[in-house]
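Report on one structure; see the data block that follows.
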Amino acid sequence: MQRPIVTIPAGFLQLLEVDWDIDWRGQPPGNDTGGGTSVVYNRFPRWIGSPSILLQGDGIAQWRAIRAQAQGRVGIYRLPMVDPVGFVSSALTGGTSFEGGATFASGTGFAAEPACFAAAGAAAGAVQIRVENAEVAPVIGQIMSHKLWPFTVTWVSEVSAGVYELGIQMPLRAAIAAGDTIKLQGEGLFEAVEDSMGRAGYDLDLVARPRLNFREVLNR
């Protein structure tokens, strides 16, 4: 069965708490005969996150519709990994507006997707890439992505004006070709951990603060 992909609108998620992390998926350690411990890593790592969001008024109804499209754990969320300590995008304030500053009736604009480009190719499994034409300089700890596969920047070295060598983790899950687009704000494909994820109850103030629970989809 083809799983539906639900795209979260630019600027929709008003985050109260952020906790993106890599689940390296190590099996629990066991004691050996010498009293030592070992951890086995034999599964692919993936990103996880359980951000808390703020919904108000018709935003609650819009989120209800998004969840309905996802059909519990059936659908896949195409999700911007908003992370203000690593990168602040104009998408946080509603995206790019029309000429003159106008937006859609909801107050949001077009999705803002700041990007850079691969200055050289890199194979799947690489832990170092070179980028160029970055709108802003990458920083250590920033979450970036290539073709919806996110990664974290572990070190940055400026090669020349606008050209940077980057250390990354997790290693590339897909090969990069020279000229490929690399998004400065990470974006990935995620699924709900449980069917009821994000259920948004509200009181007379018409404000909801649901906590989401996502894990990266690896089988694509």
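Results for (1) within 17 Å of residue 67 (Cα to Cα); (2) open to solvent by 30 Å² or more (accessible area, probe 1.4 Å); (3) over 19 Å from the mean Cα position of the chain (by Cα), shown as yes or no for each residue.
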position: 157; (1), (2), (3): no, yes, yes
position: 167; (1), (2), (3): no, no, no
position: 178; (1), (2), (3): no, yes, yes
position: 183; (1), (2), (3): no, yes, no
position: 193; (1), (2), (3): yes, yes, no
position: 199; (1), (2), (3): yes, yes, yes
position: 208; (1), (2), (3): yes, no, yes
position: 214; (1), (2), (3): yes, no, no
position: 219; (1), (2), (3): no, yes, no
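In segment 132-155, which residues are on the phi > 0 side of the Ramachandran plot, under 17 Å from the mean Cα position of the chain (by Cα) and open to solvent by 60 Å² or more (accessible area, probe 1.4 Å)? Give the steps one after another, and end with the answer.
We begin by selecting, within segment 132-155, every residue on the phi > 0 side of the Ramachandran plot; these are 133, 141, 147-148.
Keeping just the survivors that are under 17 Å from the mean Cα position of the chain (by Cα) gives 141, 147-148.
If the condition is that a residue be on the phi > 0 side of the Ramachandran plot, under 17 Å from the mean Cα position of the chain (by Cα) and open to solvent by 60 Å² or more (accessible area, probe 1.4 Å), then 147 is the only one that fits.
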Q | Subset of segment 132-147 [modelled with pLDDT of 95 or more, outside any strand (DSSP E or B) and more than 10 Å from residue 182 (Cβ to Cβ)] | A | 139, 140, 141, 142
Q: Scan segment 74-131 residue by residue and report those that are modelled with pLDDT of 95 or more and open to solvent by 40 Å² or more (accessible area, probe 1.4 Å).
A: 74, 78, 117, 120, 121, 123, 124, 125, 127, 128, 130
Q. Among strands (runs of 3 or more DSSP E) lying entirely in segment 1-66, which contain 2 or more residues that are open to solvent by 40 Å² or more (accessible area, probe 1.4 Å) and at pLDDT below 85?
A. 27-31, 37-40
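Of all residues in segment 112-133, which are small (Gly, Ala, Ser) and within 18 Å of residue 80 (Cβ to Cβ)? Can you show your working first?
Filtering segment 112-133 down to residues small (Gly, Ala, Ser) leaves 112, 115, 118-126.
Within segment 112-133, 112, 115 qualify.
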Q.
Suppose we filter segment 148-169 for residues that are touching a residue at least 40 places away in the same chain (Cβ under 8 Å) and assigned to a loop (DSSP other than H, G, I, E, B); how many remain?
A. 1
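Name the strands (runs of 3 or more DSSP E) wholly within segment 170-220 that hold at least 2 residues that are under 30 Å from residue 119 (Cα atoms) and out of contact with any Leu (no Cβ under 7 Å at 6 or more places or on another chain)?
Working: elements: 181-183, 187-192, 214-216.
Once the strands (runs of 3 or more DSSP E) in segment 170-220 are filtered for at least 2 residues that are under 30 Å from residue 119 (Cα atoms) and out of contact with any Leu (no Cβ under 7 Å at 6 or more places or on another chain), what remains is 181-183.
The values are calculated or read from the model by the stated rules, or taken from the named source; none is laboratory data. All figures in this text were calculated on a predicted structure; none of them were measured in a lab. Glycine gets a Cβ as well: all are built from the backbone with ideal geometry, and neighbour counts include every protein chain shown. Side chains included, ligands, DNA and RNA excluded: accessible areas come from the protein's heavy atoms. Shrake-Rupley method; radii C 1.70, N 1.55, O 1.52, S 1.80 Å.
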